[in-house]
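Read the structure below first, then the notes.
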Amino acid sequence: MSGTTTGTTATTAAVTRAPSLLSVSAVRARVEFLSFVREKQAVVFTFAFPIMLLVIFGAVFGQEKLEGGISFAQYFVAGMIAAGLFGTSFQNLAISIPIERDSGALKRLAGTPMPRSAYFIGKVALVAFVAVVQNILLVGIGVLFYDLELPNTAEKWFTYAWVAVLGTTACTLAGIAFTALIKNGKSAPAIVSPVAIVLQFISGVFFVYSSLPTWMQEVAAIFPLKWMTQGMRSVFLPDAYAAQEPAGSWEHGRIALVLLLWCVVGLAVAVRTFRWRNKADG
């Protein structure tokens, strides 16, 4: 009799055992992915907008030669690759999360047994997917139409990988932390988009960074996008172009340090300030 009871208890425990964080996170990632692809206009805009900018700027300034013997189009493609990572992480999250909070979706999720970390893992998975696809498109167009050269050494591919991972992580955490400044979802695009555009203008995406005023360079150097664009230039531009950078080198060590600091600061601020509900909800 006791054996039967023990077996029944074990069976019940197995049935009622909570799903693992990995399985819940996988479900959340699937939900995020399906929500994204069902918004067809958002999908088209997310992937088409940086390509449109690349084509427009490439057509207008593409043949202009810069110091160091490269074309503006080559310089711009490297910057747009970094800007694409920035947009899919910081900009998208800083806009979408307040909208979800406004709709009550975050409040409902917080009230479920789901581990809260699964929500963020799902967001990160979507960011990673969009970033990879967008990078493939931008690099492919750069190679086919703007004489962009793919990295020809393992060292450069490694640099591309760690700049992309560290930069995307830093911008993702910064985007989550930035949502604390946004009171409601309706105002999110109006607040986030100008910030993103200004950072792109002063960080070496639309203009050659070394040609910007010194004060503008100093402001840009506070934020991760400037270091991401510099890292991508070190990957896709000739090594000789490093002499044209303000420091006269690619500064890989400083790039890694700044991006790591943004990861740490972004995580600390996000953990302390993230809200699952509007202030009006209590």
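Taking the conditions (1) open to solvent by 60 Å² or more (accessible area, probe 1.4 Å); (2) closer than 29 Å to Asp147 by Cα; (3) of a type outside the set (D, E, K, R); (4) in a loop (DSSP other than H, G, I, E, B) in turn, Gly204 satisfies each one other than (1).
Within segment 237-261, being modelled with pLDDT of 95 or more, part of a helix (DSSP H, G or I) and crowded, with 19+ Cβ neighbours inside 10 Å holds for Ile255, Val258, Leu259. Each residue in segment 71-122 was checked for being open to solvent by less than 10 Å² (accessible area, probe 1.4 Å) and either free of Cβ contacts under 8 Å to residues at least 40 places away in the same chain or over 23 Å from Gly142 (Cα atoms) (or both), and 9 pass. Quick one: would you say Ile197 is without any contact (Cβ under 8 Å) to a residue 40 or more places away in the chain and assigned to a loop (DSSP other than H, G, I, E, B)? No; evaluated as a whole, the condition is false for this residue. Would you mind stating whether Met216 is part of a helix (DSSP H, G or I), touching a residue at least 12 places away in the same chain (Cβ under 8 Å), open to solvent by 10 Å² or more (accessible area, probe 1.4 Å) and not aromatic (Phe, Trp, Tyr)? The answer is yes for Met216. For segment 137-156, taking the residues that are in a helix (DSSP H, G or I) and in contact with a helix residue (DSSP H, G or I) (Cβ under 8 Å, 6 or more places away or on another chain), the one that is most open to solvent (accessible area, probe 1.4 Å) is identified as Phe145. If you go through segment 158-186 and keep only what is surrounded by fewer than 21 Cβ atoms within 10 Å (Cβ to Cβ), over 19 Å from Val265 (Cβ atoms), small (Gly, Ala, Ser) and touching a residue at least 60 places away in the same chain (Cβ under 8 Å), you end up with just Gly185. Looking across segment 179-194, just one residue is of a type in the set (A, V, I, L, M) and not in a helix (DSSP H, G or I), and that is Ile182.
Taken over segment 36-57, the criterion of being surrounded by 14 or more Cβ atoms within 10 Å (Cβ to Cβ) and of a type in the set (Phe, Trp, Tyr) is satisfied by Phe36, Phe47, Phe57.
Does Ala268 qualify as being assigned to a helix (DSSP H, G or I), open to solvent by 20 Å² or more (accessible area, probe 1.4 Å) and free of Cβ contacts under 8 Å to residues at least 12 places away in the same chain? For Ala268, the condition - assigned to a helix (DSSP H, G or I), open to solvent by 20 Å² or more (accessible area, probe 1.4 Å) and free of Cβ contacts under 8 Å to residues at least 12 places away in the same chain - is met.
Of all residues in segment 31-64, how many are polar (S, T, N, Q) and either closer than 18 Å to Leu85 by Cβ or in a loop (DSSP other than H, G, I, E, B) (or both)? The total comes to 2.
Among the criteria (1) touching a helix residue (DSSP H, G or I) at 6+ places or on another chain (Cβ under 6 Å); (2) over 25 Å from Ile56 (Cα atoms), the one Gln134 does not fulfil is (2). Name the single residue that is surrounded by the fewest Cβ atoms within 10 Å (Cβ to Cβ) among those in segment 219-233 being free of Cβ contacts under 8 Å to residues at least 40 places away in the same chain and of a type outside the set (S, T, N, Q). The qualifying residue surrounded by the fewest Cβ atoms within 10 Å (Cβ to Cβ) is Ile222.
Residues are listed down the side, and each one gets a yes or a no for (1) in contact with a strand residue (DSSP E or B) (Cβ under 9 Å, 6 or more places away or on another chain); (2) at pLDDT 95 or above; (3) over 14 Å from Val31 (Cβ atoms); (4) not small (Gly, Ala, Ser):
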{"position": "Gly62", "(1), (2), (3), (4)": "yes, no, yes, no"}
{"position": "Glu67", "(1), (2), (3), (4)": "no, no, yes, yes"}
{"position": "Tyr75", "(1), (2), (3), (4)": "no, no, yes, yes"}
{"position": "Ile95", "(1), (2), (3), (4)": "no, no, yes, yes"}
{"position": "Ile99", "(1), (2), (3), (4)": "no, no, yes, yes"}
{"position": "Leu109", "(1), (2), (3), (4)": "no, no, no, yes"}
{"position": "Ile121", "(1), (2), (3), (4)": "no, no, no, yes"}
{"position": "Leu126", "(1), (2), (3), (4)": "no, no, no, yes"}
{"position": "Val132", "(1), (2), (3), (4)": "no, no, yes, yes"}
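Scanning segment 192-201 for residues being open to solvent by less than 60 Å² (accessible area, probe 1.4 Å) and hydrophobic (A, V, I, L, M, F, W, C) gives a total of 4.
The values are calculated or read from the model by the stated rules, or taken from the named source; none is laboratory data. Only a predicted model underlies this, so the values are computations on that prediction, with no experimental measurement involved. Backbone-built Cβ (ideal geometry, glycine too); neighbour counts: all protein chains shown. Keep in mind that these areas ignore ligands, DNA and RNA; they rest on the heavy atoms of the full protein, side chains included. Shrake-Rupley method; radii C 1.70, N 1.55, O 1.52, S 1.80 Å.
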